[in-house]
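We did not get these values from a lab; they are worked out from the coordinates using the rules stated. Keep in mind that this is a model prediction, so the values were computed, not measured. Cβ: placed from backbone, ideal geometry, glycine included. Neighbour counts: every protein chain shown.
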């Protein structure tokens, strides 16, 4: 991957990093149900929809452990396997939010670097990118299993190092407090989206530049402010 600086232009952010699930990919409801089913499969108490949705964006085992506090640690491998089983059955049901492809194309045309910073596994992200024919759209990506789970800033720090970008030139876009906290921890700006896993009221203390209520809303803001 080339680290050549994009052509100079008037912009605030050189690198825009997106969360995947619930931000670009419409997967929140399915992931929530898969977490709930996995916990019940191994004998745990059914997590509430709110509790299951809260952990979206964390690394898989970190998320499952939080959603299933009554499941003993020795059952975590089985818990993870059951989640993957349920997710595999439904992954073809998931699709990009309307307007995402056009938004990403416009950002690339304006010479922003576009990256993904996600709690998904590397294999899971690569499979998804292939399935939706997004090869070549993203300039870089980091996943929780190859760096550290959110809100640890390592994903963003590694992307900044890869592209030679300072924190003030990086924008993180996500649908959870984990995404926005990661941006704060990395010294970067953030934008929240209200149509994903977390209620936007929880974003206030994390100082996002903007909270978008749709992809169209996000698209307009990025073109005007990024």
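Antiparallel DSSP bridges in the chain: what percent, to the nearest 5?
Values: 2 of 22 bridges.
That works out to approximately 10 percent antiparallel.
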Only Cα pairs within less than 10 Å get springs; with that Gaussian network setup on the chain, which residue of 89, 169, 209 has the largest fluctuation? 89
Tilt relative to the chain, helix 154-163 - C-alpha long axis, 0 to 90 degrees, to 10: 30
Of 34, 204, 188, the most mobile residue in a GNM of the chain (C-alpha springs, cutoff 10 Å) is 204
Per the 1/(1 + (r/R0)^6) rule, R0 = 35 Å and r from the Cβ atoms of residue 106 and residue 185, FRET efficiency to 0.05 is 0.75
Separation in nanometres of the label points that stand 7 Å from Cα toward Cβ, at residue 135 and residue 48: 4.5
Tell me the label-point distance for the pair residue 81, residue 168, using the 7 Å Cα-to-Cβ offset, in nm and rounded to one decimal. 5.2
Quick check for you: which residues of region 131-166 have the amide N under 15 Å from the point 7 Å beyond the Cα of residue 123 toward its beta carbon? 144-146
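Go ahead and estimate [θ] at 222 nm for the chain from helices alone: -39,500 (n - 2.57) per DSSP H run with n ≥ 4, summed, over the residue count, rounded to 500. Don't jump to the answer; show the numbers that get you there.
Values: 9 runs with 94 residues, N = 226.
That comes out to -12500 deg cm²/dmol.
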GNM result for the chain, Cα springs below 10 Å: residue of 39, 116, 100 fluctuating most strongly: 100
Whole-angstrom gap from region 152-173 to region 13-41, using each part's C-alpha centre: 21
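Can you tell me the length gained on complete extension of the stretch residue 161 to residue 74, counting 0.36 nm per residue apart and subtracting the Cα distance?
27.6 nm is the gain from fully extending residue 161 to residue 74.
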Mean separation of Cα contacts under 8 Å (6+ apart) over length of region 28-93, as relative contact order %: 39
